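The values are calculated or read from the model by the stated rules, or taken from the named source; none is laboratory data. Every value quoted in this text rests on a predicted model; they were computed, and no experiment measured them. We place every Cβ from the backbone using ideal geometry, glycine too, and count neighbours over all the protein chains shown.
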Amino acid sequence: MEHINWIHNLPFFSIFIAMFAILLTAMFRTAKMAKRIHMTMMCIVVILSAILTYHMAVAPETFTFTMGHYPAPWGNELTAGPLEALMALVFGTVMLLSVMGGWVFIEKDVLQEKQYLYYIMLDAAMGAMLALIYTNDIFTAYVFIEINTLAACALVLAKGTATAMVGATHYLIMGLLGSGLFLFGVSILYSITGHLLLPQIGEAVTVLAASGQYHFALLIATAFLFIALAIKSGLFPFHTWLPVAHPIAIPASSAILSGFVVKGYVIFAIKLMYSVFSVEFMHELGIIDILFVFGVLGMVFGSLSAMRQRKMKKILAYSSVAQIGYIYMGVGLGTEIGLTAACFHMIAHGFTKSMLFLCAGSFVKQCGNIDDMDQMRGIAYKNPVAGIGYTIGAMSMIGIPLLAGFISKLYFATASIFSEGKMAASLLVLGISMILNALYFLPSVMAIWTTKKGMQEAKRANISPWFITSIVLLLCINVGLGVWYQPVIELIEVGLQLLQK
Amino acid sequence: MGNLGVNFYESASVILFGIGFMNLLLQKNLIKKFIGLNIMDTAVFLFLAAKGFVFGGSAPIIVDGITDASYYVNPVPAGLVLTGIVVAVSVTAFSLALVQRLYQHYGSLNMDVIMRKMKEEEH
């Protein structure tokens, strides 16, 4: 048996620990223990991912971890490279900080005896997300996509109100349409390639693409897989569930849903595109152009819909639609720099949007559960931490320099200059959507900082120290990413090069 | 067109998948919606099972020391179908529980009625 570097066990252990936390929590069945187990698990996962990322930054490599030592065409495999390690680290941190900042809301809005179930769903979402990032087997990916959908749906449901149920039903139906398409795509792909592991499918696809055999079947399978992932991640024409699900979910759930659940599918799409189908073949099939068009439309329509909203959480939900559009535009450019921009934007948006949702949730709670911008005048003076967090987050999303959002926009612009045929469209839309971003974020920022005449003296609200810690940490990460972005970008570039078959 | 007749299992499963998909997408009645989901998933299982079947092959358990692969049916799709069934069952259970709660609250299974009642409650 070959010797395995101990670092190579880390992906498996982080998935295993997340799944084991579910069992442990189910045994104890108390909210207090569930919270402790969840936080311990998250800290371990973040530390493991950080070690892996550090290792990858020092000595970049990709490795596969064979489950049960069954060799390639038969066994199940995990694979990790710089990109996967970095994404696991980012999503783990987003989850940790969102839950830390969201404790107040979880304790207030979720029934006491149901709280441990909420933590179980958080563990399941984390485990499924890690498995989706690391897996090298397309059917395993399907199973974890389903687990992720159900867990996210339960997170949306957490409040238990009738509106939450309606929102969750919408989300569930859209999610299930996506899963059905994905499963069918996997079946067709399996039947024409005879493999389930990504590298083996990749080899078979190269042979099929060269010979032109099964061209139509391949096109259908690829289209099904990518449409399914687009539905799941809320790309523009399939985004309808996002604005329904976000406002009714509790802030911690919204932060997690927007911060990383929708991104995991994009990561898997990038992995499929790079290590299975190859960019040239995706160009040939035309799917990459469709993703580009949908992404560009999403950027504009998401922002336009956000402008019409008066409710803060709806604005943020439509803003998420627009940002997912950005990410798919980067993917659709089909160049390495476009994908780098897309990956960086996933990180930047993950940290920013979770902070925005937590702050908006804090405002809503303070207004007595009324989510209306006009009711929130001057609220930032009563709740300065959330006020500053919201303002900086909005500035980052608009693309003010020194913040994370600026760097991703810079890279998107660079990427569009270097892409043939798509330069004019993408630059134009980037410009328009940047203005639209400012137009829909500024009214809400102005609303929270302006007081009405005759309003009583601002009284400081009682804010939990955990909320403050989480917002401050998210702010630091945001500024840090905006200033020291170079190492992250380098890691993404190396990861993408290693991913390419 | 001839191929459709030869691969009639696959043709049937694609048609069933379409029926299930459109039901899940367009039906107003929630129970019918989730029946559509089950039709859709089962259609994929039929497709997989048909793809894995080797005519004249026996169950993939080695008997009498025959190790020639063409003697047995492909066991991998059967494994996929089993996993898929587990997923489909849990998803169906989850969605039916959700439908039950919705019915208790709104007294209807029709998505349009539920949406209308929800909007009325909001105002």
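Condition check ((1) modelled with pLDDT under 90; (2) farther than 24 Å from B:N38 by Cα) across all residues:
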{"residue": "A:G127", "(1), (2)": "no, yes"}
{"residue": "A:F144", "(1), (2)": "no, no"}
{"residue": "A:L157", "(1), (2)": "yes, no"}
{"residue": "A:G167", "(1), (2)": "yes, no"}
{"residue": "A:L172", "(1), (2)": "no, no"}
{"residue": "A:F184", "(1), (2)": "no, no"}
{"residue": "A:Y190", "(1), (2)": "no, no"}
{"residue": "A:G194", "(1), (2)": "yes, yes"}
{"residue": "A:G212", "(1), (2)": "yes, yes"}
Q: For residues that are touching a residue at least 60 places away in the same chain (Cβ under 8 Å) and in contact with a Pro (Cβ under 9 Å, 6 or more places away or on another chain), scanning just region A:191-214, find the one that is nearest to the other protein chains (Cβ to nearest Cβ).
A: A:H195
Q. Within region A:41-64, is even one residue under 30 Å from A:I201 (Cβ atoms), of a type in the set (G, A, S), loosely packed, with under 15 Cβ neighbours inside 10 Å and out of contact with any helix residue (DSSP H, G or I) (no Cβ under 6 Å at 6 or more places or on another chain)?
A. yes
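Residue by residue, here is whether (1) within 12 Å of chain A (Cβ to nearest Cβ); (2) within 19 Å of A:I188 (Cβ to Cβ) holds:
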site: B:V44; (1), (2): yes, yes
site: B:L48; (1), (2): yes, yes
site: B:A59; (1), (2): no, no
site: B:G65; (1), (2): no, no
site: B:S70; (1), (2): no, no
site: B:Y103; (1), (2): yes, no
site: B:Y106; (1), (2): yes, no
site: B:L109; (1), (2): yes, no
site: B:V113; (1), (2): yes, no
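Return the only residue of B:A43, B:A88, B:A50 being closer than 30 Å to B:Y103 by Cβ, crowded, with 16+ Cβ neighbours inside 10 Å, in contact with an Asp or Glu (Cβ under 9 Å, 6 or more places away or on another chain) and among the small types (G, A, S).
After applying the criteria, what remains is B:A88.
May I ask you to list the residues in region A:396-408 that are touching a residue at least 40 places away in the same chain (Cβ under 8 Å) and either under 18 Å from A:L436 (Cα atoms) or buried (at least 19 other Cβ atoms within 10 Å of the Cβ) (or both)?
A:S396, A:M397, A:I398, A:P401, A:L403, A:A404, A:G405, A:F406, A:I407, A:S408
Is it the case that A:Y485 is surrounded by 19 or more Cβ atoms within 10 Å (Cβ to Cβ), modelled with pLDDT under 90 and closer than 30 Å to A:V58 by Cα?
When the stated conditions are applied, A:Y485 passes them.
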Q.
Quick check on B:N29: is it under 20 Å from B:F94 (Cα atoms), within 14 Å of chain A (Cβ to nearest Cβ) and more than 16 Å from the chain's Cα centre (by Cα)?
A. yes
**Q.** Unique match (being facing chain B (nearest Cβ under 10 Å), assigned to a helix (DSSP H, G or I) and either in contact (Cβ under 8 Å) with a residue 12 or more places away in the chain or of a type in the set (S, T, N, Q) (or both)) among A:I120, A:I188, A:I133
**A.** A:I188
Q. Does region A:203-257 hold any residues that are within 22 Å of A:K271 (Cα to Cα), in a helix (DSSP H, G or I) and small (G, A, S), and which are they?
A. A:A204, A:A209, A:A210, A:A217, A:A221, A:A223, A:A228, A:A230, A:S233
Q. Of (1) crowded, with 18+ Cβ neighbours inside 10 Å; (2) modelled with pLDDT under 90; (3) assigned to a helix (DSSP H, G or I), A:E280 satisfies all except one. Which?
A. (1)
Q.
Looking at (1) surrounded by 21 or more Cβ atoms within 10 Å (Cβ to Cβ); (2) in contact with a Cys (Cβ under 7 Å, 6 or more places away or on another chain), which one does A:Q375 not meet, given that it meets all the others?
A. (1)
Q: Hey, can you tell me all the residues within region B:1-17 that are more than 10 Å from chain A (Cβ to nearest Cβ) and either assigned to a helix (DSSP H, G or I) or crowded, with 19+ Cβ neighbours inside 10 Å (or both)?
A: B:G2, B:N3, B:L4, B:G5, B:V6, B:F8, B:Y9, B:S11, B:A12, B:I15, B:L16
Q. Counting only residues that are touching a Ser or Thr at 6+ places or on another chain (Cβ under 7 Å) and of a type in the set (A, V, I, L, M, F, W, C), how many does region A:475-501 have?
A. 5
**Q.** Matching residues, region A:142-185, being at the interface with another protein chain (Cβ under 8 Å from one of its Cβ atoms) and charged (D, E, K, R)
**A.** A:E146
Q. In this structure, is B:K51 modelled with pLDDT under 90, touching a Ser or Thr at 6+ places or on another chain (Cβ under 8 Å), in a helix (DSSP H, G or I) and closer than 24 Å to A:F144 by Cβ?
A. yes
